[in-house]
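Notes follow the structure.
The values are calculated or read from the model by the stated rules, or taken from the named source; none is laboratory data. No experiment lies behind these values; they were computed from the predicted model shown. Counting neighbours? That spans all protein chains shown, and the Cβs are built from the backbone with ideal geometry, glycine included. Calculation scope for accessible area: heavy atoms of the full protein, side chains included, ligands and nucleic acids excluded. Shrake-Rupley method; radii C 1.70, N 1.55, O 1.52, S 1.80 Å.
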Amino acid sequence: MFDRLSEPSTQVDDKFVSGPSNASLDGLPTQRSDAQFPACEKAAQQRLADFAEHRIANYDLQRDRMDLGGTSELSPYLRFGLLSAEQAARKAIVARGGGAEAWLSELAWRDFYFSVLAHFPHVTRRGFRPEYDAIAWDNHRAQFEAWSAGMTGYPMVDAAMRQLLEAGWIHNRARMIVASFLTKDLLIDWRWGER
Ligand SMILES: Cc1cc2nc3c(=O)[nH]c(=O)nc-3n(C[C@H](O)[C@H](O)[C@H](O)COP(=O)(O)OP(=O)(O)OC[C@H]3O[C@@H](n4cnc5c(N)ncnc54)[C@H](O)[C@@H]3O)c2cc1C
């Protein structure tokens, strides 16, 4: 898998660098200096370089641990195009090894879900499999509000939801726990949680 791709061209078209001359920052939220995700391409590239140098090698061993910071925390940058999946994949190709391979497969999962969205657009509103649209959700409003506020009384769920409220990002395993708790324990519609 690691040998097939050749080096990309580094030519950048100037018109993409400068941006429109009349661009104004008025009305945009000011960026907190302690922001977990500084909203700029430089921060995205720096975080990728840091991950590739220091953490990718152990990604496969540490990715399940929410306390170790073993993942890249690059999802917001990939989501908003401050970093391309190709740039990320090339770092993994150069890094090689089990950790890099595991990380590359997560980038592939990202592409897989984009393909599902493209070919089955109904999944944004309904279950992938029609039989799941027949689930009789309880949709208990007060339980939903407790979940949303991190006030369910289940420490792991509440810690994750409070981090989500504060930072806007949580670890994959934390996402699995809160999503499963909402749908399978509280029987609340996943579309409520998604909002
Ligand atoms: C309930 C739930 C909701 C999720 N919502 C989102 C979301 O809104 N946006 C999002 O990008 N990911 C989502 N994921 C997938 C995954 O949890 C995040 O991509 C990951 O936690 C982001 O952290 P990271 O950048 O450190 O990922 P790393 O582990 O460093 O992975 C690198 C990149 O690969 C992609 N990736 C990793 N895991 C997955 C996965 N399971 N499926 C698809 N792509 C993946 C992401 O782009 C991620 O940035 C969700 C997972 C669950 C269980």
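Below is a table of values for the structure above.
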item	result
Single condition THR183 does not satisfy, out of (1) at positive phi; (2) surrounded by 13 or more Cβ atoms within 10 Å (Cβ to Cβ)	(1)
Filter result for MET156 (in a loop (DSSP other than H, G, I, E, B), touching a helix residue (DSSP H, G or I) at 6+ places or on another chain (Cβ under 7 Å) and open to solvent by 70 Å² or more (accessible area, probe 1.4 Å))	no
Flag for ALA102 being more than 14 Å from the chain's Cα centre (by Cα) and within 13 Å of the ligand (Cβ to nearest atom)	yes
Flag for LEU117 being part of a helix (DSSP H, G or I) and buried (at least 17 other Cβ atoms within 10 Å of the Cβ)	no
Single match in ILE188, ILE170 (criterion: under 30 Å from PRO38 (Cβ atoms) and either within 15 Å of the ligand (Cβ to nearest atom) or exposed (fewer than 11 other Cβ atoms within 10 Å of the Cβ) (or both))	ILE170
Residue count, the stretch 124-143 (criterion: over 18 Å from the mean Cα position of the chain (by Cα) and either part of a loop (DSSP other than H, G, I, E, B) or within 16 Å of the ligand (Cβ to nearest atom) (or both))	12
Inter-residue pairs, beta-carbon under 8 Å, first touching a residue at least 12 places away in the same chain (Cβ under 8 Å) and polar (S, T, N, Q) and in the stretch 165-189, second open to solvent by 40 Å² or more (accessible area, probe 1.4 Å) and outside any helix (DSSP H, G or I), 6+ apart	ASN172/ARG63
Evaluation of TRP192 against (1) in contact with a helix residue (DSSP H, G or I) (Cβ under 9 Å, 6 or more places away or on another chain); (2) touching a residue at least 40 places away in the same chain (Cβ under 8 Å); (3) assigned to a loop (DSSP other than H, G, I, E, B) (one fails), failing number	(3)
